[in-house]
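Working notes, structure below.
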Amino acid sequence: MAVAGPAATDLEVVRGKRAALFFAAVAIVLGLPLWWKTTETYRASLPYSQISGLNALQLRLMVPVTVVFTRESVPLDDQEKLPFTVVHEREIPLKYKMKIKCRFQKAYRRALDHEEEALSSGRVQEAEAMLDEPQEQAEGSLTVYVISEHSSLLPQDMMSYIGPKRTAVVRGIMHREAFNIIGRRIVQVAQAMSLTEDVLAAALADHLPEDKWSAEKRRPLKSSLGYEITFSLLNPDPKSHDVHWDIEGAVRRYVQPFLNALSAAGNFSVDSQILYYAMLGVNPRFDSASSSYYLDMHNLPHVINPVESRLGSSAASLYPVLNFLLYVPELAHSPLYIQDKDGAPVATNAFHSPRWGGIMVYNVDSKTYNASVLPVRVKVDMVRVMEVFLAQLRLLFGIAQPQVPPKCLLSGPKSEGLMTWELDRLLWARSVENLATATTTLTSLAQLLGKISNIVIKDDVASEVYRAVAAVQKSAEELASGHLASAFVASQEAVTSSERAFFDPSLLHLLYFPDDQKFAIYIPLFLPMAVPILLSLVKIFLETHKSWKKPEKTD
């Protein structure tokens, strides 16, 4: 019985060691991987290499130009060389990481019989009407007709003509270098109708360095899927003025045709409102010489903030809002005029604020007060008002007056207030702007996810990133092929997908969950279990090490 006691003790010790080793093995082999797998941050794979390659993307903007030569427009020897194609490419000098090249692909050919007949008419407008084809030209393409040097189609002092659609007329020349001379004229006209440094600089104003070049280009609205336009009538003195304006009819006659022509650039919604007792918030200066009140140019920025709080149009809007305000000054401050920086009254008595809208001051005729009792009835001349608002609307969308070459006759816009090639030029600019915005957003997102490793990247976020990268590449390819419409649609998809991925709420779930909080959570859970196991392993190691060093007894 005395021998069984030590044997039983040794057996218990062995069992204890085995139990400790078993628990340690389970914790290390099974528990630790299971804990690691269940607590790891899920991060779907992203195309980091493709995103980094977007910074070195080179945009080639191809403008297809069909050049049609009439008889006697160039020497006979040159006419026999037709048809052929000439490519003119140049780099746009912008301080931007993305290199942009403009490529004019000029396809030369002879005029057809009906084109010869149309271009032999007396007036260029008649020729345009006869040249209208049933099938419209593709977006971004141009057609230039080269007429005889002595043709009466254009005034004798004019060398070229730019029409309201995608057509232009250039005078030919009887010279041995006719193709080179005419080619330079064609490039000048094509640049005015499509892409210039000013147009692209305005589109990339938010991405260019802060300098004088880009600061002057920050007036146009940023590209968006939709826009909201609000017309507001401000009547601060309803006791003196009973103002009536036919805003519905004016929008239907003047604004809606312009927006319909501009529909390819986005969706538009228009509304109107009348605000009573809405003051400008700035005291105008009285001029005793003219018995009038004036708003100085440096006071104009202070006019917007007090009025904007009353508008309430941009608070619940998903899209940029353009505000156009018609202000009828109160009787105590009438008439009211706006002065420019030189102190001269502004002809339109209106001003506009970049990316916000415009304000027009509408003075009531002083003769109205003499023959009527208050409040006097005021009927707004909507033709005069809409002329100002449409001009401001064009400027806010970046549709400025083109820089035409010397001795070039520029046609007036169509009844919609927008020439077809102006819309194409806007789509060129918007496509480049969308690609720059999408590239910047994707690059910022990749850098953010690379620096902060505990941000969750879900599969739907990764799919949006892949979709945005593919859309950027597709848009660049379509621009290089001269397919403007499809390139613009792809650029819009790139911006939408990139911003949807960047602003996904799931990216913020573990963003503010640092490592010290992890230790604070897991140490109370694992420490009570880990300490006994570790102490048992240390004891087993020491006893095993001691038994190896103990010499064996020999008889």
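The values are calculated or read from the model by the stated rules, or taken from the named source; none is laboratory data. What you are looking at is a predicted structure, and each value in this text was computed from that prediction instead of being measured. No Cβ is skipped: glycine too gets one built from the backbone with ideal geometry, and neighbour counts run over all protein chains shown. All accessible areas refer to the heavy atoms of the entire protein, side chains included, with ligands and DNA or RNA removed. Shrake-Rupley method; radii C 1.70, N 1.55, O 1.52, S 1.80 Å.
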Original post:
What accessible area, in Å² to the nearest ten, does a 1.4 Å probe give for T441?
Top reply: 20 Å²
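In Å², what does the accessible area per residue of region 400-492 work out to with a 1.4 Å probe?
Numbers: 3500 Å² over 93 residues.
That works out to 38 Å² for each residue.
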Original post:
Relative to the present Cα-Cα distance, how much length would full extension add between S152 and S486 at 0.36 nm per residue of separation?
Top reply: 116.3 nm
Original post:
What ranking of E433, E197, E499 comes out by heavy-atom accessible area, probe 1.4 Å, highest first?
Top reply: E499, E197, E433
**OP:** With a 1.4 Å probe and every protein chain left in place, work out the accessible area per residue of region 226-397 in Å², rounded to a whole number.
**Re:** 48 Å²
Original post:
Could you name the lysines in cross-link range of K546, using Cα to Cα under 23 Å and dropping any fewer than eight places away on the same chain?
Top reply: K17
**OP:** If a/c stays under 1.5 just call it rounded; otherwise compare a/b with b/c (prolate if a/b is bigger, oblate if not). Do that for the chain, with a ≥ b ≥ c from the square roots of the Cα gyration tensor eigenvalues.
**Re:** oblate
Original post:
Which length gain, in nm to one decimal place, applies between L331 and N180 when the Cα-Cα distance is subtracted from 0.36 nm times their residue separation?
Top reply: 47.9 nm
Original post:
Hey, what's region 60-202 come to in accessible area per residue, 1.4 Å probe, Å²?
Top reply: 47 Å²
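How much of the DSSP bridge set in the chain is antiparallel, in percent, rounded to the nearest 5?
Working: 19 of 74 bridges.
Taking every DSSP beta bridge within the chain, about 25 percent pair in antiparallel fashion.
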Original post:
In square angstrom, rounded to the nearest 10, how much accessible surface does H114 have for a 1.4 Å probe?
Top reply: 90 Å²
**OP:** Keeping all protein chains in position, work out how much accessible area F22 exposes to a 1.4 Å probe, and write it in Å² to the nearest 10.
**Re:** 130 Å²
**OP:** Measure nothing fancy, just the Cα-based angle from helix 420-451's long axis to the longest principal axis of the chain, in degrees from 0 to 90, nearest 10.
**Re:** 20 degrees
**OP:** Tally the DSSP beta bridges in region 226-397 and give the antiparallel ones as a percent, rounded to 5.
**Re:** 20 percent
**OP:** Express the Stokes-Einstein translational diffusion coefficient of region 226-397 in µm² s⁻¹, to the nearest whole number, given a Kirkwood radius over alpha-carbon pairs, 37 °C and a viscosity of 0.692 mPa s.
**Re:** 195 µm²/s
Subject >> Extension gain from S52 to E543, taking 0.36 nm per residue of separation minus the Cα-Cα distance >> reply: 171.0 nm
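Could you order D206, D113, D365 by accessible surface area, starting with the largest, using a probe radius of 1.4 Å? Mind dumping the intermediate values first?
On the way: D206 65, D113 130, D365 85 Å².
From most exposed to least exposed: D113, D365, D206.
What is the sum of charges around A56, taking Lys and Arg as +1, Asp and Glu as -1, for the other residues whose C-beta is under 10 Å from the C-beta of A56?
Taking every Cβ under 10 Å from that of A56, the sum is +2.
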Original post:
Counting alpha carbon pairs within less than 8 Å and at least 6 residues apart, what relative contact order, in whole percent, applies to the chain?
Top reply: 17 percent
Subject >> Unit charges at the beta carbon, dipole of the chain: most positive-side option, I533, Y96, V385 >> reply: I533
Original post:
Roughly how many percent of the accessible protein surface of the chain is carbon and sulfur, given a 1.4 Å probe and a whole-percent answer?
Top reply: 57 percent
Subject >> Expected 222 nm ellipticity per residue - DSSP helices of 4 or more, -39500 (n - 2.57), all of the chain, to 500 >> reply: -13500 deg cm²/dmol
Original post:
Which entries in the list K99/K474; K341/K407; K341/K367; K101/K474 go over 25 Å, if you measure between the two C-alpha atoms of each?
Top reply: K341/K407; K341/K367
Original post:
For Y96, Y254, what's the largest-to-smallest order of accessible area, 1.4 Å probe?
Top reply: Y254, Y96
Subject >> Cα centroid of region 50-128 to Cα centroid of region 454-514, whole Å >> reply: 34 Å
Original post:
Helix 484-502 versus the longest principal axis of the chain: what angle, 0 to 90°, nearest 10, using Cα atoms?
Top reply: 40 degrees
**OP:** Calculate the length of the line joining the C-alpha centroid of region 155-202 to that of region 324-361, in whole Å.
**Re:** 38 Å
